[in-house]
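First up is the structure itself, then whatever we jot down about it.
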Amino acid sequence: MPINSWFKEWFDSEDYHTLYNHRNQEEAESFIQHLHDLINRPNMRVLDMACGKGRHAQTFANLGHSTVGFDLSKNSIEQAQDKNVHDLAFHVHDMREPFPFGQFDLIASLFTSLGYFDNMEENMLPLKHAAACLKKNGLLIIDFINVFPAVAKMKAEEVIDKEGIRYHIERSVKDRVLIKRIRFKRNDEWQEHEERVFGLVREDFMQCFKDNNLVCKEVFGDYSLNYFDKQRSPRLILIAQKQ
């Protein structure tokens with residue numbers, strides 16, 4: 001399957017990590033701690049899909065769970081592997097391909113790590129692979145942007161200065177795809193990247209759950225696990241269980 005898509009180059013670049021360096025370990029730890037307390041299952045085997053630099057995976061491991069993380073970005077995985085944490089492993093892997101890591105008690109897709117592809121079938125493929133790797137009664141956790149307030153509050157244009165680089169950002173929506181065009185000058189040369197996230201909504205995930213023998217157990221609207229409000233909540237967080 002071809003992987004020469006926008007996300008492969010952009011997510012592996014220095015500027016991607018510079019632009020989003022506000023995503024911190026404390027935030028990740030708080031979110032995973034809330035999930036850990038809610039689920040209340042000890043000694044799980046956990047898989048973190050599209051794990052980035054491994055901040056969520058590290059927290060799962062620190063809470064006593066045997067954890068595997070994978071990502072398409074080689075640079076992110078190299079940085080993740082620097083974490084000297086017991087029972088924590090990282091791999092480079094494309095989530096559109098079946099997961100060759102065994103069976104899990106919990107699989108997580110966090111911080112909008114889905115929706116990068118051009119059609120619904122391809123966007124749901126990683127969740128199909130996840131469902132196949134879940135043990136009976138295992139849990140699938142999805143953390144995705146809540147599309148409705150994201151679009152309503154979308155800034156058409158924005159300029160962000162980070163580490164001496166000025167990033168010019170333009171946002172738009174076309175055919176359910178949220179598009180972010182990012183332009184900046186580095187070493188006196190203009191560069192341009194485009195992020196594309198398919199606007200997946202609750203009903204899309206519910207259909208995927210039905211198709212893959214999963215039942216939705218919980219729906220939350222933020223990282224403190226408050227009630228989901230379609231028009232106001234910043235996140236769409238779902239917990240589904242394998243039947």
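When you go through 89, 57, 108, 50 one by one, which is the residue that is among the hydrophobic types (A, V, I, L, M, F, W, C), within 18 Å of residue 27 (Cβ to Cβ) and without any contact (Cβ under 8 Å) to a residue 40 or more places away in the chain? Full working, then the answer.
Numbers: 89 fails: within 18 Å of residue 27 (Cβ to Cβ); 108 fails: without any contact (Cβ under 8 Å) to a residue 40 or more places away in the chain; 50 fails: without any contact (Cβ under 8 Å) to a residue 40 or more places away in the chain.
Answer to the selection: 57.
Within the stretch 154-172, does at least one residue satisfy the condition of being at pLDDT below 95, over 28 Å from residue 47 (Cβ atoms), out of contact with any Gly (no Cβ under 6 Å at 6 or more places or on another chain) and aromatic (Phe, Trp, Tyr)? Yes, the conditions are met somewhere in the stretch 154-172.
Out of 90, 104, 60, 111, which single residue is among the aromatic types (Phe, Trp, Tyr) and surrounded by fewer than 23 Cβ atoms within 10 Å (Cβ to Cβ)?
Details: 90 fails: surrounded by fewer than 23 Cβ atoms within 10 Å (Cβ to Cβ); 104 fails: surrounded by fewer than 23 Cβ atoms within 10 Å (Cβ to Cβ); 60 fails: surrounded by fewer than 23 Cβ atoms within 10 Å (Cβ to Cβ).
Matching residue, one of 90, 104, 60, 111: 111.
Does residue 96 satisfy the criteria of being touching a helix residue (DSSP H, G or I) at 6+ places or on another chain (Cβ under 6 Å) and basic (Lys, Arg)? The answer is yes for residue 96.
If residue 83 satisfies all but one of (1) in contact with a Gly (Cβ under 7 Å, 6 or more places away or on another chain); (2) of a type outside the set (S, T, N, Q); (3) surrounded by 15 or more Cβ atoms within 10 Å (Cβ to Cβ); (4) closer than 29 Å to residue 215 by Cβ, what's the number of the condition it fails? Exception for residue 83: condition (4).
Would you be able to say whether some residue in the stretch 171-191 is in contact with a Lys or Arg (Cβ under 9 Å, 6 or more places away or on another chain) and either more than 26 Å from residue 8 (Cβ to Cβ) or of a type in the set (Asp, Glu) (or both)? Among the residues of the stretch 171-191, not one is in contact with a Lys or Arg (Cβ under 9 Å, 6 or more places away or on another chain) and either more than 26 Å from residue 8 (Cβ to Cβ) or of a type in the set (Asp, Glu) (or both), which makes the answer no. The set of residues in the stretch 76-121 being over 16 Å from the mean Cα position of the chain (by Cα) and of a type in the set (Lys, Arg) consists of 83 alone.
The values are calculated or read from the model by the stated rules, or taken from the named source; none is laboratory data. Please read these numbers as outputs of a predicted model, since none were measured by experiment. Don't worry about glycine lacking a Cβ; one is built from the backbone with ideal geometry, like all the others, and counts go over all protein chains shown.
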